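**Q** If you scroll down you'll find the structure; I have some questions about it.
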Amino acid sequence: MLEKYFSRSQKAHFYLPGQEIKIDRNAAFNNFICDGDPLTTVKNRVAFATLLFIFAYLIIAARLFNVCLSHTFVKDTGDEEAQHLFAYAGNPIKRADILDRNGTLIATSLPTVNLYANPRKVPHKERAAAKLSAILPDIRYEDILAKLQRRNTFIYLKRNLTPSQQYQINALGIPGLEFENGEKRIYPHKELFAQLLGSTNIDNQGIAGVEKQMDERLTQSDIPLTLTIDSGIQDTIREELKTAVNKFHAEGAAAILMDVRNGEIIAMISLPDYDPNTMNNVPERALFNFATKGVYEPGSVLKIFNAAMGLESGKVKVSDKWDATKPLKLRYNTIKDYRGENRWLDLPEILIYSSNIGSARIALTVGKQEQRKFLSNLGFFTPVHGFEVAEKGVPLIPSEKRWGEETTATVGYGYGISITPLHLVSAFAAVVNGGVYHAPTLVKDNDAKETRRVMSFNTSKQMRKLLRGVVTDGSGKRANVLGYEVAGKTGTANKLVNGRYVDKKVMTSFLATFPVSNPQYALFMVMDEPKPLKETWGFVTSGWNTVPTAGKIISEIAPQLNIKANYDLDELRRNRIIEATYEKPATRRK
């Protein structure tokens with residue numbers, strides 16, 4: 001019946017339901033360029049894309065695993081430098097921070113912006129100068145205009161802009177004005193580390209102190225530089241020293257605290273000082289680091305090394321006595337004692353009473369050659385090698401030809417050579433630590449510093465006892481801090497003015513160690529021209545100014561240094577008797 005609806009030609013192409021349809025590939029897909037059917041092609045492409053995603057995720061996972069492993073390794077190894085490197089990676093600041101021994105930040109750089117101009121591109125220069133001077137009130141209109149009228153193509157107008165100034169200048173839209181990213185050195189503790197750290201110039205390059213000496217290290221690595229300095233100890237000593245300078249109306253002062261076991265400098269102060277953040281109108285004296293560059297004749301503190309030299313030579317014994325009944329007359333000089341005992345003195349008494357005559361006789365007994373050799377081995381003839389501050393004084397030493405009997409004798413009690421406080425404290429540390437000289441250093445864990453033996457352990461042990469006697473029975477009594485076993489030697493040196501020594505112009509000093517039974521620290525203090533006071537009975541010698549100041553400093557810093565007080569019962573009893581003696585008259589007056 002259906003045949004009537006279809007012709008024969010149409011019937012050949014008609015398929016009943018369920019009948020298999022065979023596709024002629026050439027006819028069906030003649031419009032596609034492919035080797036297989038579309039379904040297979042899609043499957044292949046999906047599989048390829050899946051493999052790409054898997055490969056990419058594998059790369060990401062491997063990289064993430066590597067980063068995590070590297071970070072864990074840094075922590076587990078305890079490599080402090082590697083940890084700093086990881087923490088400071090990508091730091092835009094070019095100059096490294098400086099830290100104290102406890103990690104306290106004492107110098108850093110902050111990002112800032114500088115304003116510069118191409119004067120040739122700046123239109124209406126008078127109008128531009130007026131607008132800029134309104135935003136930058138610290139620069140005069142005439143100065144800005146003068147810079148803009150130059151023929152240069154580059155000139156700085158203002159460094160270290162505030163964010164507000166940068167915004168206002170940028171809003172002016174003046175052609176030819178550009179901004180430059182920079183950095184500014186900041187010292188958070190202001191005067192506390194003035195001469196020690198030094199400062200940088202406008203280009204952030206070191207020009208003094210540690211900043212200059214360690215400039216290459218600070219600019220080639222952004223890993224912080226850790227110093228041996230303790231900020232807390234530094235502040236304590238500075239405050240006491242500043243109080244003493246004001247009290248005694250001194251021209252200046254300096255102090256150094258050293259660890260005698262390794263040569264590390266714990267504190268270093270020079271007064272007057274300045275704020276390195278504001279370098280305007282700084283007095284020349286304030287820029288001078290007396291602790292490292294102040295070359296002077298040390299006076300009686302040099303008797304420490306004279307006594308050690310005598311013992312080390314074997315020509316002097318502790319029990320030997322020397323004639324101090326009358327002045328020692330030499331060819332061109334007569335040596336006298338200040339308030340002398342006028343009798344024969346043994347070695348302990350020569351130090352206790354600070355006898356110039358006795359010390360000169362010891363030096364003459366040892367002789368010129370051994371004296372020069374011994375002092376040279378202590379480092380007194382050359383600048384302190386390798387110390388990390390740029391300003392280092394050069395000792396003033398007579399030539400060997402001019403080093404005769406007079407020089408041998410005068411050097412024995414502290415005149416004839418001039419050295420720095422840093423020389424003195426470094427050599428003194430060797431005298432009390434067992435006889436080993438450690439070159440002073442400001443860099444923590446410095447393995448490159450020089451170490452050498454300069455005297456025997458036995459000589460060092462004998463010197464400790466002798467120096468303890470100076471504090472308990474001699475001119476250092478006011479530094480006898482109960483419980484901390486202070487030992488040391490005083491020194492009062494007349495200053496040379498117009499070729500003559502002046503009695504009332506003196507440099508007073510004190511070299512001390514504590515605790516003497518097991519020396520850990522050496523403290524050196526010097527005051528420049530302290531004035532006499534009513535309470536000092538008109539005296540300006542070390543025992544009246546430098547020594548009591550050192551006693552206050554030691555009593556305050558010893559607990560900070562975790563030094564346990566050792567209260568000897570006999571010493572305690574003796575001090576109580578002395579105190580009771582002074583208390584009774586006072587009670588009666590009441």
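**Q** Using the alpha-carbon atoms, what tilt in degrees (0 to 90, nearest 10) does helix 457-473 show relative to the longest principal axis of the chain?
**A** The angle comes out at about 70 degrees.
**Q** Rounded to whole Hz and in sequence order, give me ³J(HN,Hα) for the range 485-496 from the Karplus expression 6.51 cos²θ - 1.76 cosθ + 1.60, θ = phi - 60°, writing x for Gly and Pro.
**A** Each residue of the range 485-496 in turn: 6, 6, 9, x, 8, 8, x, 10, 10, 5, 7, 8 Hz.
**Q** Once you treat every alpha carbon in the chain as an equal point and sum by Debye, what is log10 I(q)/I(0) at q = 0.09 Å⁻¹?
**A** -0.82
**Q** For the range 274-313, compute the orientation-averaged projected area of the C-alpha convex hull (one quarter of its surface), in nm².
**A** Values: hull surface 16.9 nm².
It is 4.2 nm².
**Q** Same structure again: Given the C-alpha centroids of the range 513-554 and the range 404-450, what is the distance between them in whole angstrom?
**A** With the range 513-554 and the range 404-450 each reduced to a Cα centre, they are spaced 19 Å.
**Q** What list of ³J(HN,Hα) values in whole Hz, one per residue of the range 477-483 in order, does the Karplus curve 6.51 cos²θ - 1.76 cosθ + 1.60 (θ = phi - 60°) give from phi, with Gly and Pro shown as x?
**A** Using θ = phi - 60°, the values come out as 4, 6, 9, 7, 6, 4, x Hz.
**Q** For each pair in K392/K495; K247/K465; K444/K477; K242/K392, compute the distance between the two Cα atoms and list the pairs where it is over 28 Å.
**A** From K392/K495; K247/K465; K444/K477; K242/K392, over 28 Å: K247/K465; K444/K477.
**Q** Once Rh for the range 246-343 is found with the Kirkwood sum over Cα pairs, what is the Stokes-Einstein diffusion coefficient at 25 °C and 0.890 mPa s, in µm²/s?
**A** Details: Rh = 18.1 Å.
Translational diffusion coefficient: 136 µm²/s.
**Q** Report, by chain and number, residues whose modeled amide H sits under 5 Å from the one on L157, excluding near sequence neighbours (fewer than 5 apart, same chain).
**A** Amide H neighbours of L157: L115, Y116, A117.
**Q** Loop-only check: which trypsin sites (Lys or Arg not before Pro) in the range 108-152 are DSSP coil with at most 15 other Cβ within 10 angstrom?
**A** Values: sites: R120, K121, K125, R127, K131, R140, K147, R150, R151; in loops: R140, R150, R151.
Here the trypsin sites (Lys or Arg not before Pro) that fit, given the DSSP loop and packing criteria, are R140, R150, R151.
**Q** Run the helix sum for the chain: -39,500 (n - 2.57) per DSSP H stretch of 4+ residues, divided by residue count, reported at 222 nm to the nearest 500 deg cm²/dmol.
**A** On the way: 22 runs with 236 residues, N = 590.
Calculated mean residue ellipticity at 222 nm is -12000 deg cm²/dmol.
**Q** Counting only pairs 8 or more places apart or on different chains, how many lysine pairs in the range 284-350 have C-alpha atoms closer than 26 Å?
**A** Pairs that pass both the separation and distance tests number 16.
**Q** Starting from the residue with the highest accessible area, list W403, W544, W344 in decreasing order, probe 1.4 Å. Don't jump to the answer; show the numbers that get you there.
**A** Numbers: W403 0, W544 65, W344 140 Å².
Descending accessible area places them as W344, W544, W403.
**Q** Using a Förster distance of 22 Å, how high is the FRET efficiency between N562 and N518, based on the Cβ-Cβ distance and rounded to 0.05?
**A** Numbers: r = 13 Å, r/R0 = 0.61.
So the FRET efficiency works out to roughly 0.95.
**Q** Also, I was wondering about something else. Taking the full set of protein chains and a 1.4 angstrom probe, give the accessible area of Y353 in square angstrom, rounded to the nearest 10.
**A** My reading of the accessible area for Y353 is about 100 Å².
**Q** Can I ask one more? Take H124, H189 and sort them by solvent-accessible surface of the protein heavy atoms, 1.4 Å probe, largest at the top.
**A** Details: H124 120, H189 65 Å².
Final ranking, largest accessible area leading: H124, H189.
**Q** Would you mind estimating how fast the range 283-402 diffuses translationally, via Stokes-Einstein at 4 °C and 1.567 mPa s with the Kirkwood radius over Cα pairs, in µm²/s?
**A** 80
**Q** Applying the Karplus parametrisation 6.51 cos²θ - 1.76 cosθ + 1.60 with θ = phi - 60° to the phi angles of the range 329-344, what ³J(HN,Hα) value in whole Hz is obtained for each residue in order, glycine and proline being reported as x?
**A** Working through the residues one at a time gives 9, 10, 5, 10, 8, 10, 9, 10, 9, 7, 6, x, 7, 6, 7, 6 Hz.
**Q** Further question on the same structure: Would you please give the FRET efficiency between T382 and N280, computed as 1/(1 + (r/R0)^6) with r the Cβ-Cβ distance and R0 = 45 Å, to the nearest 0.05? Kindly include the intermediate steps, with their values, before the conclusion.
**A** Numbers: r = 36 Å, r/R0 = 0.81.
Given R0 = 45 Å and the Cβ-Cβ separation, E is 0.80.
**Q** Limiting things to C-alpha atoms, what are the Rg and the maximum Cα-Cα separation (Dmax) for the range 160-204, in angstroms?
**A** Cα only, the range 160-204: 15.4, 44 Å (Rg, Dmax).
**Q** Where does each of 282-289, 57-64, 388-395 land if you order them by average Cβ count within 10 Å, highest first? Present the calculation step by step, with values, prior to reporting the outcome.
**A** Working: 282-289: 15.9, 57-64: 10.0, 388-395: 20.0.
Per-residue Cβ counts within 10 Å, averaged per peptide and sorted highest first, yield 388-395, 282-289, 57-64.
**Q** Which Cα, out of A208, L52, V295, lies furthest along the positive dipole direction of the chain (beta carbon charges, K/R +1, D/E -1)?
**A** V295
**Q** Keeping all protein chains in position, work out how much accessible area L396 exposes to a 1.4 Å probe, and write it in Å² to the nearest 10.
**A** L396 exposes around 110 Å² with every protein chain in place.
**Q** Identify all lysines with a Cα-Cα distance to K401 below 18 Å; exclude those on the same chain that are fewer than 8 residues away in sequence.
**A** Within the straight-line cut-off, K401 pairs with K368, K373.
**Q** Probe radius 1.4 Å, ligands and nucleic acids ignored: give me the carbon and sulfur share of the accessible area of the chain as a rounded percent.
**A** Details: 17040 of 32170 Å².
On the chain, the fraction of accessible area on carbon and sulfur atoms equals 53 percent.
**Q** Let me ask another. Round to the nearest 10 and report in Å² the accessible area of L172, as given by a 1.4 Å probe over the protein chains' heavy atoms.
**A** 60
**Q** What does the accessible area per residue of the chain come to in Å², with a 1.4 Å probe and no ligands, DNA or RNA counted?
**A** On the way: 32170 Å² over 590 residues.
Dividing the accessible area of the chain by its residue count gives 55 Å².
**Q** Multiply the residue separation of N181 and L110 by 0.36 nm, subtract the distance between their alpha-carbon atoms, and state the gained length in nm to one decimal.
**A** Details: separation 71, 0.36 × 71 = 25.56 nm, distance 1.08 nm.
Result for the pair: 24.5 nm of gain on full extension.
**Q** Just by accessible area at a 1.4 angstrom probe, what is the order of F381, F290 from largest to smallest? Could the numbers behind the result be given before it?
**A** Numbers: F381 50, F290 25 Å².
Result, largest first: F381, F290.
The values are calculated or read from the model by the stated rules, or taken from the named source; none is laboratory data. Keep in mind the model is a prediction, meaning the values are calculated, not measured. Reconstructed Cβ throughout: ideal geometry from the backbone, glycine too, with neighbour counts over all protein chains shown. Just the protein is used for accessible areas: all its heavy atoms, side chains included, with ligands, DNA and RNA removed. Shrake-Rupley method; radii C 1.70, N 1.55, O 1.52, S 1.80 Å.
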